[in-house]
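Following: one structure in structure tokens, then a few remarks.
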Amino acid sequence: MVSPNLGDRKTQSNPYLAPRELSILRIAKKVEAGVRFIQTQPVFDPIAFREWLEAACEEGITERAVLLAGVLPLESATEAEALRERLTEYCIP
């Protein structure tokens, strides 16, 4: 069970960072340094997220840290389009 007082043992991750190997390497190094809680940026592309999550599992990250997929409810397609144009780090199909 992860302690609610995580302090420096938490981080965020972008599951859409390319190349994927670099994203996994960054998280693996953080977990090795003691991170125990990872929250991703909002997931809008479940297929790409699943591929990233599978790579994280293969690296053993999910065995050593809690991973929470980020959620950002959208009110409309217009809001999704605006986010896609403004925030290029999000993967909004």
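Taking the range 1-21 only, how many residues are modelled with pLDDT under 80, of a type outside the set (A, V, I, L, M) and either open to solvent by 80 Å² or more (accessible area, probe 1.4 Å) or within 23 Å of residue 89 (Cβ to Cβ) (or both)?
Number satisfying all stated conditions: 3.
For the range 33-51, check the following and say yes or no: at least one residue is in contact (Cβ under 8 Å) with a residue 60 or more places away in the chain and within 12 Å of the chain's Cα centre (by Cα).
No, the conditions are met nowhere in the range 33-51.
Looking only at residues that are closer than 22 Å to residue 28 by Cα and touching a Pro at 6+ places or on another chain (Cβ under 7 Å) in the range 62-93, which one is modelled with the highest pLDDT?
Residue satisfying both the conditions and the ranking: 70.
Select from the range 58-75 the residues that are surrounded by fewer than 13 Cβ atoms within 10 Å (Cβ to Cβ) and in contact with a helix residue (DSSP H, G or I) (Cβ under 9 Å, 6 or more places away or on another chain) and list them in ascending order.
Residues satisfying the conditions are 58, 60, 63.
Does residue 82 satisfy the condition of being touching a strand residue (DSSP E or B) at 6+ places or on another chain (Cβ under 9 Å) and of a type outside the set (D, E, K, R)?
Answer is no for this residue.
Please specify each residue of the range 60-77 satisfying the condition of being charged (D, E, K, R), free of Cβ contacts under 8 Å to residues at least 12 places away in the same chain and not in a loop (DSSP other than H, G, I, E, B).
Within the range 60-77, 63 is the sole residue that qualifies.
The values are calculated or read from the model by the stated rules, or taken from the named source; none is laboratory data. Just so you know, these numbers come straight off a predicted model, no measurement behind them. Positions of Cβ are generated from backbone atoms using ideal geometry, with glycine treated the same way; all protein chains shown enter the neighbour counts. Just so you know, the surface numbers come from the protein's heavy atoms only, side chains and all, with ligands and any DNA or RNA stripped out. Shrake-Rupley method; radii C 1.70, N 1.55, O 1.52, S 1.80 Å.
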